[in-house]
Amino acid sequence: MQFDITIQMTMGSVRRRLFRPRVSRSFTLDTRLACDVRNLVLAGPSGSGKSLTLQAVAGLLTPDSGRIVVGGRVFFDSTQGINLPPRDRRLGYVFQDYALFPHNTVRENIGFGLRRWSANLSLEQRTAVTEVMDVFGIRQLEDARPSEISGGQRQRTALARAIVTRPDVLLLDEPFSALDQPLRVRMREELARILAHYSIPMILVTHDIEEAEFFAETVAVYAEGGVRDILSATDLAAAGKSVSGTVGNVMRSAYGAL
Amino acid sequence: MLYSVMTPLLLTLKVVFWATLIAATCGVVAAYLFSRSSFWGRDWLDAACTLPLVMPPTVLGYYLIVLIGRNGILGKWLEEYFGVTLMFTWQGAVIAAAVVSFPLVFKSARAALESVPDNYLQAARIMGAGEWEIFFRVTLPLSFRGVLAGTMLAFARAMGEFGATLMVAGNLPGRTQTLSLAVYSAVQAGDDTLANILVCIVSLLCVVLLVITGKLLAGQSIKAS
(Lines give C-alpha, C1' and ligand atoms only; values in the text may rest on other atoms or scores of the structure.)
Protein backbone atom coordinates (compact mmCIF):
# COMPACT_ATOMS: atom_id res chain seq x y z
CA MET A 1 0.00 0.00 0.00
CA GLN A 2 1.41 3.33 -1.04
CA PHE A 3 1.07 6.24 1.29
CA ASP A 4 1.88 9.74 0.14
CA ILE A 5 0.87 12.27 2.74
CA THR A 6 1.76 15.94 2.76
CA ILE A 7 -0.23 18.10 5.15
CA GLN A 8 -0.06 21.62 6.44
CA MET A 9 -2.62 22.51 9.03
CA THR A 10 -3.02 25.09 11.75
CA MET A 11 -5.37 24.27 14.56
CA GLY A 12 -6.69 26.93 16.84
CA SER A 13 -9.56 26.95 19.23
CA VAL A 14 -11.76 29.89 18.49
CA ARG A 15 -13.27 31.27 21.62
CA ARG A 16 -16.17 33.57 21.00
CA ARG A 17 -16.27 36.43 23.31
CA LEU A 18 -19.26 38.71 23.38
CA PHE A 19 -18.76 40.15 19.93
CA ARG A 20 -15.26 39.50 18.70
CA PRO A 21 -14.03 35.96 18.09
CA ARG A 22 -10.68 35.25 19.70
CA VAL A 23 -8.30 32.56 18.51
CA SER A 24 -6.15 30.93 21.11
CA ARG A 25 -3.84 27.92 21.53
CA SER A 26 -2.79 27.30 17.98
CA PHE A 27 -0.91 24.25 16.83
CA THR A 28 0.80 23.82 13.51
CA LEU A 29 1.16 20.48 11.81
CA ASP A 30 3.54 20.17 8.90
CA THR A 31 3.97 16.62 7.71
CA ARG A 32 5.64 14.97 4.76
CA LEU A 33 5.43 11.23 4.55
CA ALA A 34 5.84 8.93 1.57
CA CYS A 35 6.32 5.19 1.74
CA ASP A 36 5.10 1.89 0.36
CA VAL A 37 4.44 -0.56 3.16
CA ARG A 38 1.80 -2.82 4.68
CA ASN A 39 1.98 -1.42 8.17
CA LEU A 40 2.73 2.20 8.85
CA VAL A 41 3.19 3.29 12.44
CA LEU A 42 2.86 6.92 13.44
CA ALA A 43 4.61 7.14 16.78
CA GLY A 44 5.50 9.95 19.11
CA PRO A 45 4.55 11.77 22.26
CA SER A 46 1.03 13.08 22.79
CA GLY A 47 0.42 16.40 21.13
CA SER A 48 2.92 15.81 18.35
CA GLY A 49 0.33 15.70 15.59
CA LYS A 50 0.14 11.99 14.80
CA SER A 51 -3.57 11.69 15.56
CA LEU A 52 -4.28 14.79 13.48
CA THR A 53 -2.50 13.14 10.55
CA LEU A 54 -4.69 10.06 10.94
CA GLN A 55 -7.85 12.15 11.13
CA ALA A 56 -6.82 14.01 8.00
CA VAL A 57 -6.29 10.71 6.18
CA ALA A 58 -9.79 9.62 7.25
CA GLY A 59 -11.25 12.94 6.15
CA LEU A 60 -12.43 13.90 9.63
CA LEU A 61 -10.28 17.01 9.40
CA THR A 62 -9.52 19.06 6.34
CA PRO A 63 -5.91 20.24 6.10
CA ASP A 64 -5.22 23.81 5.07
CA SER A 65 -3.12 22.57 2.20
CA GLY A 66 -1.36 19.47 1.01
CA ARG A 67 -2.06 16.19 -0.68
CA ILE A 68 -3.11 12.78 0.63
CA VAL A 69 -2.79 9.77 -1.64
CA VAL A 70 -3.44 6.26 -0.32
CA GLY A 71 -2.97 3.24 -2.56
CA GLY A 72 -3.07 5.37 -5.69
CA ARG A 73 -6.41 7.00 -4.74
CA VAL A 74 -6.30 10.74 -4.21
CA PHE A 75 -8.19 11.57 -1.00
CA PHE A 76 -7.20 15.17 -0.79
CA ASP A 77 -5.38 17.61 -3.00
CA SER A 78 -5.58 21.28 -2.18
CA THR A 79 -4.14 22.42 -5.51
CA GLN A 80 -6.71 20.44 -7.52
CA GLY A 81 -9.52 21.10 -5.08
CA ILE A 82 -10.08 17.41 -4.36
CA ASN A 83 -11.50 16.44 -0.97
CA LEU A 84 -13.10 13.01 -0.98
CA PRO A 85 -15.78 12.73 1.73
CA PRO A 86 -14.99 10.15 4.45
CA ARG A 87 -17.75 7.84 3.29
CA ASP A 88 -16.10 7.39 -0.10
CA ARG A 89 -12.60 6.66 1.18
CA ARG A 90 -13.24 2.96 1.90
CA LEU A 91 -11.49 2.98 5.26
CA GLY A 92 -11.84 1.21 8.53
CA TYR A 93 -11.29 3.37 11.60
CA VAL A 94 -10.94 2.39 15.22
CA PHE A 95 -11.38 5.30 17.59
CA GLN A 96 -9.45 5.59 20.80
CA ASP A 97 -12.71 5.27 22.76
CA TYR A 98 -14.08 2.85 20.11
CA ALA A 99 -17.21 4.98 19.43
CA LEU A 100 -19.51 1.95 19.47
CA PHE A 101 -23.15 2.95 19.11
CA PRO A 102 -24.63 2.57 22.61
CA HIS A 103 -28.15 1.99 21.31
CA ASN A 104 -27.09 -0.92 19.08
CA THR A 105 -26.11 -4.46 19.99
CA VAL A 106 -22.68 -5.86 19.18
CA ARG A 107 -24.09 -7.52 16.07
CA GLU A 108 -25.85 -4.34 14.93
CA ASN A 109 -22.70 -2.32 15.53
CA ILE A 110 -20.62 -4.64 13.41
CA GLY A 111 -23.22 -4.77 10.64
CA PHE A 112 -23.73 -0.99 10.53
CA GLY A 113 -21.45 -0.33 7.57
CA LEU A 114 -22.66 -3.27 5.50
CA ARG A 115 -26.10 -2.06 4.67
CA ARG A 116 -27.37 1.40 3.88
CA TRP A 117 -30.41 2.59 5.81
CA SER A 118 -31.31 -0.74 7.26
CA ALA A 119 -30.28 -3.11 10.01
CA ASN A 120 -31.79 -6.03 8.08
CA LEU A 121 -28.79 -7.64 6.50
CA SER A 122 -28.87 -10.15 3.69
CA LEU A 123 -27.97 -13.75 4.48
CA GLU A 124 -24.54 -13.19 3.00
CA GLN A 125 -23.95 -10.09 5.12
CA ARG A 126 -25.18 -11.85 8.26
CA THR A 127 -22.72 -14.63 7.58
CA ALA A 128 -19.94 -12.08 7.18
CA VAL A 129 -20.81 -10.54 10.56
CA THR A 130 -20.94 -13.94 12.22
CA GLU A 131 -17.60 -14.90 10.72
CA VAL A 132 -15.83 -11.77 11.94
CA MET A 133 -17.40 -12.21 15.40
CA ASP A 134 -15.98 -15.74 15.45
CA VAL A 135 -12.57 -14.45 14.42
CA PHE A 136 -12.55 -12.03 17.37
CA GLY A 137 -14.23 -14.48 19.73
CA ILE A 138 -17.23 -12.29 20.53
CA ARG A 139 -19.99 -14.42 18.97
CA GLN A 140 -21.57 -15.10 22.37
CA LEU A 141 -21.97 -11.34 22.92
CA GLU A 142 -23.90 -10.60 19.75
CA ASP A 143 -27.04 -9.39 21.55
CA ALA A 144 -25.23 -7.41 24.25
CA ARG A 145 -24.97 -3.65 24.18
CA PRO A 146 -21.58 -1.92 24.45
CA SER A 147 -22.32 -0.85 28.03
CA GLU A 148 -22.75 -4.46 29.06
CA ILE A 149 -19.39 -5.80 27.89
CA SER A 150 -15.80 -5.37 29.06
CA GLY A 151 -13.21 -3.00 27.64
CA GLY A 152 -11.39 -5.75 25.80
CA GLN A 153 -14.64 -7.01 24.31
CA ARG A 154 -15.54 -3.50 23.22
CA GLN A 155 -12.22 -3.22 21.50
CA ARG A 156 -12.76 -6.50 19.66
CA THR A 157 -16.18 -5.26 18.60
CA ALA A 158 -14.70 -2.01 17.31
CA LEU A 159 -12.04 -3.90 15.36
CA ALA A 160 -14.61 -6.32 13.97
CA ARG A 161 -16.81 -3.39 12.91
CA ALA A 162 -13.90 -1.75 11.11
CA ILE A 163 -12.80 -4.93 9.34
CA VAL A 164 -16.12 -6.45 8.26
CA THR A 165 -16.50 -4.04 5.35
CA ARG A 166 -13.08 -5.12 4.01
CA PRO A 167 -11.60 -1.61 3.90
CA ASP A 168 -8.61 -0.70 1.74
CA VAL A 169 -6.76 0.43 4.85
CA LEU A 170 -7.43 0.14 8.56
CA LEU A 171 -6.73 3.24 10.63
CA LEU A 172 -6.15 2.77 14.35
CA ASP A 173 -5.95 5.66 16.77
CA GLU A 174 -4.21 4.44 19.94
CA PRO A 175 -6.48 1.40 19.93
CA PHE A 176 -4.88 -0.35 22.89
CA SER A 177 -4.44 2.57 25.24
CA ALA A 178 -7.58 1.79 27.26
CA LEU A 179 -6.54 -1.81 27.94
CA ASP A 180 -4.40 -3.15 30.76
CA GLN A 181 -0.87 -4.28 29.97
CA PRO A 182 -1.28 -8.08 29.54
CA LEU A 183 -4.43 -7.63 27.45
CA ARG A 184 -2.70 -4.96 25.37
CA VAL A 185 0.09 -7.38 24.45
CA ARG A 186 -2.36 -10.14 23.58
CA MET A 187 -4.60 -7.86 21.53
CA ARG A 188 -1.81 -6.50 19.40
CA GLU A 189 -0.61 -10.00 18.59
CA GLU A 190 -4.15 -11.00 17.73
CA LEU A 191 -4.62 -7.90 15.58
CA ALA A 192 -1.40 -8.53 13.66
CA ARG A 193 -2.50 -12.10 12.98
CA ILE A 194 -6.00 -11.10 11.85
CA LEU A 195 -4.81 -8.27 9.58
CA ALA A 196 -2.34 -10.62 7.95
CA HIS A 197 -5.14 -13.16 7.50
CA TYR A 198 -7.41 -10.66 5.75
CA SER A 199 -4.38 -8.90 4.20
CA ILE A 200 -5.57 -5.44 5.23
CA PRO A 201 -2.84 -2.79 5.52
CA MET A 202 -2.97 -0.44 8.45
CA ILE A 203 -1.87 2.88 9.84
CA LEU A 204 -1.41 2.72 13.59
CA VAL A 205 -1.06 5.72 15.83
CA THR A 206 0.65 5.09 19.13
CA HIS A 207 2.65 6.78 21.85
CA ASP A 208 3.75 3.42 23.22
CA ILE A 209 7.37 2.54 22.42
CA GLU A 210 6.83 -1.21 22.80
CA GLU A 211 3.88 -1.11 20.44
CA ALA A 212 5.83 0.84 17.83
CA GLU A 213 8.63 -1.70 18.08
CA PHE A 214 6.20 -4.57 17.70
CA PHE A 215 4.52 -3.32 14.53
CA ALA A 216 7.69 -1.72 13.19
CA GLU A 217 7.86 -2.04 9.45
CA THR A 218 7.98 1.63 8.79
CA VAL A 219 7.75 3.97 11.72
CA ALA A 220 7.27 7.68 11.35
CA VAL A 221 8.39 9.30 14.57
CA TYR A 222 6.58 12.54 15.32
CA ALA A 223 7.70 15.41 17.45
CA GLU A 224 6.34 18.92 17.82
CA GLY A 225 3.95 18.94 14.90
CA GLY A 226 6.00 17.20 12.27
CA VAL A 227 7.71 13.98 11.24
CA ARG A 228 11.12 13.88 12.87
CA ASP A 229 12.33 10.61 11.43
CA ILE A 230 11.12 7.86 9.14
CA LEU A 231 12.54 4.47 10.00
CA SER A 232 12.18 1.60 7.59
CA ALA A 233 12.72 -1.93 8.87
CA THR A 234 14.29 -3.12 5.63
CA ASP A 235 16.76 -0.21 5.54
CA LEU A 236 17.68 -0.73 9.16
CA ALA A 237 18.15 -4.44 8.65
CA ALA A 238 20.30 -3.80 5.57
CA ALA A 239 22.46 -1.45 7.61
CA GLY A 240 22.81 -4.19 10.20
CA LYS A 241 20.99 -2.32 12.95
CA SER A 242 18.46 -3.77 15.33
CA VAL A 243 15.04 -2.62 14.13
CA SER A 244 13.16 -2.45 17.40
CA GLY A 245 16.19 -1.08 19.22
CA THR A 246 16.57 1.80 16.79
CA VAL A 247 12.86 2.59 16.83
CA GLY A 248 12.95 2.64 20.62
CA ASN A 249 15.99 4.90 20.71
CA VAL A 250 14.61 7.41 18.24
CA MET A 251 11.29 7.52 20.06
CA ARG A 252 12.98 8.00 23.41
CA SER A 253 14.93 10.90 21.99
CA ALA A 254 11.70 12.34 20.57
CA TYR A 255 10.19 12.19 24.06
CA GLY A 256 13.33 13.80 25.40
CA ALA A 257 13.08 16.58 22.84
CA LEU A 258 9.86 17.84 24.35
CA MET B 1 -74.24 19.42 28.76
CA LEU B 2 -72.65 16.55 26.86
CA TYR B 3 -72.44 18.76 23.80
CA SER B 4 -70.80 21.65 25.67
CA VAL B 5 -68.18 19.25 27.07
CA MET B 6 -67.49 17.05 24.05
CA THR B 7 -67.27 19.85 21.48
CA PRO B 8 -64.38 21.74 23.10
CA LEU B 9 -62.71 18.44 24.08
CA LEU B 10 -62.69 17.04 20.55
CA LEU B 11 -61.69 20.39 19.11
CA THR B 12 -58.84 20.68 21.61
CA LEU B 13 -57.55 17.21 20.77
CA LYS B 14 -57.67 18.04 17.06
CA VAL B 15 -55.93 21.39 17.49
CA VAL B 16 -53.32 20.03 19.92
CA PHE B 17 -52.56 17.03 17.71
CA TRP B 18 -51.78 19.17 14.68
CA ALA B 19 -50.03 21.87 16.69
CA THR B 20 -47.75 19.32 18.38
CA LEU B 21 -47.02 17.63 15.06
CA ILE B 22 -46.06 20.93 13.45
CA ALA B 23 -44.08 22.15 16.46
CA ALA B 24 -42.23 18.83 16.83
CA THR B 25 -41.31 18.57 13.15
CA CYS B 26 -40.19 22.18 12.81
CA GLY B 27 -38.51 22.09 16.23
CA VAL B 28 -36.42 19.01 15.48
CA VAL B 29 -35.49 20.20 11.98
CA ALA B 30 -34.49 23.64 13.29
CA ALA B 31 -32.59 22.10 16.20
CA TYR B 32 -30.74 19.82 13.80
CA LEU B 33 -29.78 22.68 11.49
CA PHE B 34 -28.60 24.73 14.46
CA SER B 35 -26.58 21.87 15.94
CA ARG B 36 -24.89 21.08 12.65
CA SER B 37 -24.03 24.41 11.11
CA SER B 38 -22.75 27.77 12.08
CA PHE B 39 -23.67 30.82 10.06
CA TRP B 40 -23.77 34.53 10.44
CA GLY B 41 -26.55 35.72 12.72
CA ARG B 42 -26.94 32.31 14.32
CA ASP B 43 -27.28 33.74 17.82
CA TRP B 44 -29.95 36.16 16.69
CA LEU B 45 -31.94 33.48 14.91
CA ASP B 46 -31.61 31.31 18.00
CA ALA B 47 -33.06 34.12 20.10
CA ALA B 48 -35.87 34.59 17.58
CA CYS B 49 -36.74 30.88 17.80
CA THR B 50 -36.91 31.08 21.59
CA LEU B 51 -38.88 34.33 21.64
CA PRO B 52 -42.37 32.75 21.76
CA LEU B 53 -41.36 31.19 25.09
CA VAL B 54 -40.72 34.50 26.80
CA MET B 55 -43.14 36.81 25.03
CA PRO B 56 -46.61 37.38 26.47
CA PRO B 57 -49.06 35.21 24.45
CA THR B 58 -51.19 38.23 23.61
CA VAL B 59 -48.21 40.01 22.09
CA LEU B 60 -47.46 36.88 20.11
CA GLY B 61 -51.10 36.75 19.07
CA TYR B 62 -50.84 40.32 17.87
CA TYR B 63 -47.78 39.46 15.77
CA LEU B 64 -49.67 36.52 14.32
CA ILE B 65 -52.54 38.80 13.38
CA VAL B 66 -50.06 41.09 11.63
CA LEU B 67 -48.72 38.04 9.81
CA ILE B 68 -51.75 35.91 8.98
CA GLY B 69 -54.66 38.30 9.53
CA ARG B 70 -56.93 39.14 6.60
CA ASN B 71 -54.81 42.20 5.93
CA GLY B 72 -51.64 40.58 7.17
CA ILE B 73 -48.47 40.11 5.19
CA LEU B 74 -49.04 36.40 4.63
CA GLY B 75 -52.79 36.37 5.21
CA LYS B 76 -53.54 38.73 2.33
CA TRP B 77 -51.55 36.62 -0.04
CA LEU B 78 -53.15 33.37 1.17
CA GLU B 79 -56.62 34.78 0.72
CA GLU B 80 -55.90 36.28 -2.68
CA TYR B 81 -54.31 33.22 -4.27
CA PHE B 82 -55.79 30.30 -2.35
CA GLY B 83 -58.96 31.73 -0.86
CA VAL B 84 -57.79 30.60 2.57
CA THR B 85 -58.60 32.56 5.71
CA LEU B 86 -56.90 31.53 8.94
CA MET B 87 -58.36 34.12 11.29
CA PHE B 88 -61.14 32.76 13.52
CA THR B 89 -60.78 29.17 12.30
CA TRP B 90 -59.50 26.08 14.08
CA GLN B 91 -56.54 26.10 11.71
CA GLY B 92 -55.69 29.54 13.08
CA ALA B 93 -55.80 28.05 16.58
CA VAL B 94 -53.41 25.31 15.41
CA ILE B 95 -50.93 27.90 14.17
CA ALA B 96 -51.14 29.91 17.39
CA ALA B 97 -50.61 26.80 19.53
CA ALA B 98 -47.80 25.53 17.28
CA VAL B 99 -45.89 28.81 17.43
CA VAL B 100 -46.23 29.03 21.19
CA SER B 101 -45.06 25.45 21.79
CA PHE B 102 -42.33 25.37 19.13
CA PRO B 103 -39.52 26.70 21.40
CA LEU B 104 -40.10 23.88 23.89
CA VAL B 105 -39.29 21.24 21.27
CA PHE B 106 -36.56 23.36 19.75
CA LYS B 107 -34.75 23.92 23.05
CA SER B 108 -34.80 20.38 24.36
CA ALA B 109 -34.22 18.77 20.96
CA ARG B 110 -31.23 21.01 20.39
CA ALA B 111 -29.69 20.18 23.75
CA ALA B 112 -30.28 16.48 23.07
CA LEU B 113 -28.89 16.56 19.52
CA GLU B 114 -25.82 18.48 20.58
CA SER B 115 -25.12 16.03 23.37
CA VAL B 116 -24.56 13.21 20.86
CA PRO B 117 -20.77 12.79 20.78
CA ASP B 118 -19.13 13.71 17.49
CA ASN B 119 -17.27 10.42 17.50
CA TYR B 120 -20.44 8.45 16.76
CA LEU B 121 -21.22 10.64 13.77
CA GLN B 122 -17.70 10.38 12.44
CA ALA B 123 -17.65 6.61 12.91
CA ALA B 124 -20.89 6.37 10.92
CA ARG B 125 -19.50 8.67 8.25
CA ILE B 126 -16.39 6.55 7.78
CA MET B 127 -18.59 3.46 7.54
CA GLY B 128 -20.21 5.05 4.52
CA ALA B 129 -23.43 6.49 5.94
CA GLY B 130 -24.91 9.66 4.47
CA GLU B 131 -25.98 12.58 6.65
CA TRP B 132 -29.68 11.65 6.58
CA GLU B 133 -28.93 8.08 7.39
CA ILE B 134 -26.73 9.19 10.28
CA PHE B 135 -29.56 11.36 11.55
CA PHE B 136 -32.11 8.57 11.57
CA ARG B 137 -29.86 5.68 12.60
CA VAL B 138 -27.55 7.39 15.10
CA THR B 139 -28.41 10.95 16.12
CA LEU B 140 -32.16 10.59 16.57
CA PRO B 141 -32.11 7.27 18.48
CA LEU B 142 -29.48 8.70 20.82
CA SER B 143 -31.37 11.94 21.46
CA PHE B 144 -34.81 10.36 21.44
CA ARG B 145 -35.45 11.04 25.12
CA GLY B 146 -34.80 14.76 24.81
CA VAL B 147 -36.90 15.07 21.67
CA LEU B 148 -39.76 13.13 23.28
CA ALA B 149 -39.59 15.15 26.49
CA GLY B 150 -39.72 18.37 24.47
CA THR B 151 -42.63 17.09 22.40
CA MET B 152 -44.60 16.21 25.53
CA LEU B 153 -43.97 19.66 26.98
CA ALA B 154 -45.11 21.15 23.67
CA PHE B 155 -48.24 19.02 23.80
CA ALA B 156 -49.05 20.26 27.28
CA ARG B 157 -48.27 23.84 26.35
CA ALA B 158 -50.49 23.62 23.25
CA MET B 159 -53.35 22.26 25.34
CA GLY B 160 -53.05 25.12 27.80
CA GLU B 161 -52.73 27.76 25.12
CA PHE B 162 -55.08 30.68 25.76
CA GLY B 163 -53.84 34.17 24.92
CA ALA B 164 -52.54 33.81 21.38
CA THR B 165 -55.41 31.51 20.44
CA LEU B 166 -57.92 34.05 21.73
CA MET B 167 -56.31 36.79 19.65
CA VAL B 168 -56.03 34.78 16.44
CA ALA B 169 -58.95 32.35 16.54
CA GLY B 170 -61.31 34.02 18.96
CA ASN B 171 -63.57 32.18 21.37
CA LEU B 172 -66.31 30.85 19.11
CA PRO B 173 -68.18 27.93 20.74
CA GLY B 174 -68.11 24.89 18.47
CA ARG B 175 -65.58 26.40 16.11
CA THR B 176 -62.53 27.71 17.93
CA GLN B 177 -63.40 27.32 21.60
CA THR B 178 -60.80 24.95 23.03
CA LEU B 179 -60.92 23.53 26.57
CA SER B 180 -58.97 26.32 28.23
CA LEU B 181 -61.16 28.93 26.54
CA ALA B 182 -64.29 26.97 27.46
CA VAL B 183 -63.24 26.94 31.11
CA TYR B 184 -62.86 30.70 31.02
CA SER B 185 -66.24 31.19 29.33
CA ALA B 186 -67.98 28.82 31.76
CA VAL B 187 -66.59 30.68 34.76
CA GLN B 188 -67.52 34.03 33.23
CA ALA B 189 -71.07 32.79 32.62
CA GLY B 190 -71.31 31.48 36.18
CA ASP B 191 -71.78 27.88 34.97
CA ASP B 192 -69.88 26.18 37.81
CA THR B 193 -70.98 22.64 36.89
CA LEU B 194 -69.57 22.93 33.37
CA ALA B 195 -66.42 24.61 34.66
CA ASN B 196 -65.89 21.79 37.17
CA ILE B 197 -66.31 19.09 34.56
CA LEU B 198 -63.99 20.83 32.10
CA VAL B 199 -61.33 21.42 34.76
CA CYS B 200 -61.47 17.75 35.78
CA ILE B 201 -61.04 16.66 32.16
CA VAL B 202 -58.05 18.94 31.63
CA SER B 203 -56.43 17.77 34.86
CA LEU B 204 -57.01 14.13 33.97
CA LEU B 205 -55.51 14.63 30.50
CA CYS B 206 -52.41 16.22 32.04
CA VAL B 207 -51.93 13.38 34.53
CA VAL B 208 -52.36 10.73 31.83
CA LEU B 209 -49.90 12.59 29.64
CA LEU B 210 -47.27 12.71 32.39
CA VAL B 211 -47.67 9.00 33.17
CA ILE B 212 -47.37 8.02 29.50
CA THR B 213 -44.28 10.18 29.10
CA GLY B 214 -42.71 8.62 32.17
CA LYS B 215 -43.39 5.13 30.86
CA LEU B 216 -42.04 5.92 27.38
CA LEU B 217 -38.87 7.43 28.78
CA ALA B 218 -38.30 4.54 31.18
CA GLY B 219 -38.65 2.01 28.36
CA GLN B 220 -36.15 3.87 26.27
CA SER B 221 -33.28 3.93 28.70
CA ILE B 222 -29.94 3.77 26.92
CA LYS B 223 -26.89 3.45 29.05
CA ALA B 224 -23.89 5.30 27.74
CA SER B 225 -20.97 3.03 27.00
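The values are calculated or read from the model by the stated rules, or taken from the named source; none is laboratory data. Predicted, not measured: the structure shown is a model, and the values here were computed from it. Cβ placement follows ideal geometry from the backbone for every residue including glycine, while neighbour counts extend to all protein chains displayed. When the accessible area is computed, the model is the full protein with side chains, heavy atoms only, and any ligands, DNA or RNA have been set aside. Shrake-Rupley method; radii C 1.70, N 1.55, O 1.52, S 1.80 Å.
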If amide hydrogens are placed 1.01 Å from N in the peptide plane, which non-local residues have theirs closer than 5 Å to the one on A:Y93? A:L171
Can you give the accessible area buried between chains B and A, summed over both chains, with a 1.4 Å probe, in Å² to the nearest 100? 2400 Å²
Phi angles of the range A:230-245, converted by Karplus (6.51 cos²θ - 1.76 cosθ + 1.60, θ = phi - 60°) into ³J(HN,Hα) in whole Hz with x for Gly and Pro, give 10, 10, 10, 4, 5, 5, 4, 5, 4, 7, x, 9, 6, 4, 5, x
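Work through the residues other than A:I82 whose Cβ is under 13 Å from its Cβ and net out their charges, Lys, Arg +1 and Asp, Glu -1.
Working: positive: A:R67, A:R73, A:R89; negative: A:D77, A:D88.
Every neighbour counted, the sum reads +1.
What ranking of B:L153, B:L78 comes out by heavy-atom accessible area, probe 1.4 Å, highest first? Spell out each step's value before the answer.
On the way: B:L153 95, B:L78 35 Å².
Descending accessible area places them as B:L153, B:L78.
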With a 1.4 Å probe and every protein chain left in place, tell me how much accessible area A:I230 has, in Å² to the nearest 10. 80 Å²
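Within the set of other residues whose C-beta is less than 9 Å from the C-beta of B:W90, count the net charge using Lys and Arg as +1 and Asp and Glu as -1. Before the final figure, lay out the partial values.
Numbers: positive: B:K14, B:R175; negative: none.
Neighbour charge sum, excluding B:W90 itself: +2.
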Once the Cα atoms of helix B:2-36 and of chain B are each reduced to a long axis, what angle between those two axes, in degrees from 0 to 90 to the nearest 10, is obtained? 30 degrees
Using helices alone, I'd like the mean residue ellipticity at 222 nm for chain A: each DSSP H run of four-plus residues gives -39500 (n - 2.57), total over residue count, nearest 500. -10000 deg cm²/dmol
Which whole-Hz couplings ³J(HN,Hα) result when phi for each residue of the range A:179-196 is put into the Karplus expression 6.51 cos²θ - 1.76 cosθ + 1.60, θ = phi - 60°, listed in order with x for Gly and Pro? 9, 6, 3, x, 5, 4, 5, 5, 5, 6, 5, 4, 4, 4, 5, 5, 5, 5
Around B:G130 (Cβ within 12 Å, Cβ-to-Cβ, excluding B:G130; K/R +1, D/E -1) the net charge comes to +1
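Given a Förster distance of 45 Å, report the FRET efficiency between A:A196 and A:S253 from their Cβ-Cβ distance, rounded to the nearest 0.05. If you can, show how the numbers build up before the last one.
Working: r = 31 Å, r/R0 = 0.68.
Efficiency at R0 = 45 Å is approximately 0.90.
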HN-Hα J in Hz across the range B:190-207 - Karplus 6.51, -1.76, 1.60, θ = phi - 60°, x for Gly and Pro: x, 8, 5, 4, 4, 4, 4, 4, 4, 4, 4, 4, 4, 4, 4, 4, 5, 4
